[in-house]
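J.: There's a structure below that I have some questions on.
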């Protein structure tokens, strides 16, 4: 006799969607609503379970099938935005000609275009001050992650090893870019997207290459 507990039955289909598909769709709706609220004026103060569910058009009970609390949702929204932005940037770099200027410009262009076309992403990543220790830590982690990606591209492209100088340059470029984009999103820099990409690419190329 098999004493193990029976497996949970699959969630039944409804309107042509299996239960797990409906749950995934509800989670995506909550993430989208969370991004709307986090990027709005007030930031994390806007993020309540009731407010998110109202924005998503879902009953409050559906919140807890995906997220333990609003802090978990905020972290998931931030991670989703960062992961998507990194993937878009890396695809653009990989598709560009194998030349330093082309690759740097391609990566910066898709990054800046993405936050220009969906300002919520830029507001969350660069303009809204994190109101919780969790999101503040996420912002530091994502900056370190992007710096590591930048070092990896520099090592692969130029055939150089890691070094303290390369680490300093990568942190400087990521931090400087974040501050520049913050000012641009606030309207403090009177420059269009194309010129901003060009200028940032010039700066990256001056610092990203082989270092002593």
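J.: Would you mention how many residues in the range 28-44 are in a helix (DSSP H, G or I) and free of Cβ contacts under 8 Å to residues at least 40 places away in the same chain? Spell out how you get there, then give the answer.
T.: Let us first name the residues in the range 28-44 that are in a helix (DSSP H, G or I), namely 28-39, 43-44.
After this cut, where a residue has to be free of Cβ contacts under 8 Å to residues at least 40 places away in the same chain as well, the list is 28-29, 32-33, 37.
Summing the residues that are in a helix (DSSP H, G or I) and free of Cβ contacts under 8 Å to residues at least 40 places away in the same chain in the range 28-44 gives 5.
J.: Yes or no: the range 99-114 includes at least one residue that is modelled with pLDDT under 95, assigned to a helix (DSSP H, G or I) and exposed (fewer than 13 other Cβ atoms within 10 Å of the Cβ).
T.: Checked against the condition, which is being modelled with pLDDT under 95, assigned to a helix (DSSP H, G or I) and exposed (fewer than 13 other Cβ atoms within 10 Å of the Cβ), the range 99-114 yields no hits at all.
J.: Also, I was wondering about something else. Over 17 Å from residue 109 (Cα atoms), in a loop (DSSP other than H, G, I, E, B) and at pLDDT below 90, is that true of residue 187?
T.: When the stated conditions are applied, residue 187 does not pass them.
J.: Check the range 125-147 and report whether any residue there is within 19 Å of residue 193 (Cα to Cα), in a helix (DSSP H, G or I) and in contact with a helix residue (DSSP H, G or I) (Cβ under 6 Å, 6 or more places away or on another chain). It would help to see each step written out before you state the result.
T.: Restricting attention to the range 125-147, the residues satisfying the condition of being within 19 Å of residue 193 (Cα to Cα) are 125-127.
Filter once more, keeping what is in a helix (DSSP H, G or I): 125-127.
This time we only want the ones that are in contact with a helix residue (DSSP H, G or I) (Cβ under 6 Å, 6 or more places away or on another chain), so: 126-127.
Within the range 125-147 (the criterion being within 19 Å of residue 193 (Cα to Cα), in a helix (DSSP H, G or I) and in contact with a helix residue (DSSP H, G or I) (Cβ under 6 Å, 6 or more places away or on another chain)), the answer is yes, since at least one residue qualifies.
J.: For the range 45-62, how many residues meet the condition of being outside any loop (DSSP other than H, G, I, E, B), under 27 Å from residue 129 (Cα atoms) and either in contact with a helix residue (DSSP H, G or I) (Cβ under 7 Å, 6 or more places away or on another chain) or free of Cβ contacts under 8 Å to residues at least 60 places away in the same chain (or both)?
T.: Total meeting the criteria: 9.
J.: Another question about this same structure. Mind checking which residues of the range 52-87 are closer than 30 Å to residue 200 by Cβ and surrounded by 15 or more Cβ atoms within 10 Å (Cβ to Cβ)?
T.: Once the filter is applied, which keeps residues that are closer than 30 Å to residue 200 by Cβ and surrounded by 15 or more Cβ atoms within 10 Å (Cβ to Cβ), the range 52-87 yields 74, 75, 76, 77, 78, 80, 81, 82, 85, 86.
J.: Looking at the range 38-49 only, could you name the residues that are more than 16 Å from the chain's Cα centre (by Cα) and within 15 Å of residue 81 (Cα to Cα)?
T.: none
J.: Looking at 87, 76, which one is over 20 Å from residue 179 (Cα atoms), assigned to a helix (DSSP H, G or I), free of Cβ contacts under 8 Å to residues at least 24 places away in the same chain and under 15 Å from the mean Cα position of the chain (by Cα)? Talk me through it step by step, then tell me what you get.
T.: Working: 76 fails: free of Cβ contacts under 8 Å to residues at least 24 places away in the same chain.
Exactly one residue qualifies, and that residue is 87.
The values are calculated or read from the model by the stated rules, or taken from the named source; none is laboratory data. Just so we're clear, the structure is a prediction, and the values are computed from it rather than from any experiment. Reconstructed Cβ throughout: ideal geometry from the backbone, glycine too, with neighbour counts over all protein chains shown.
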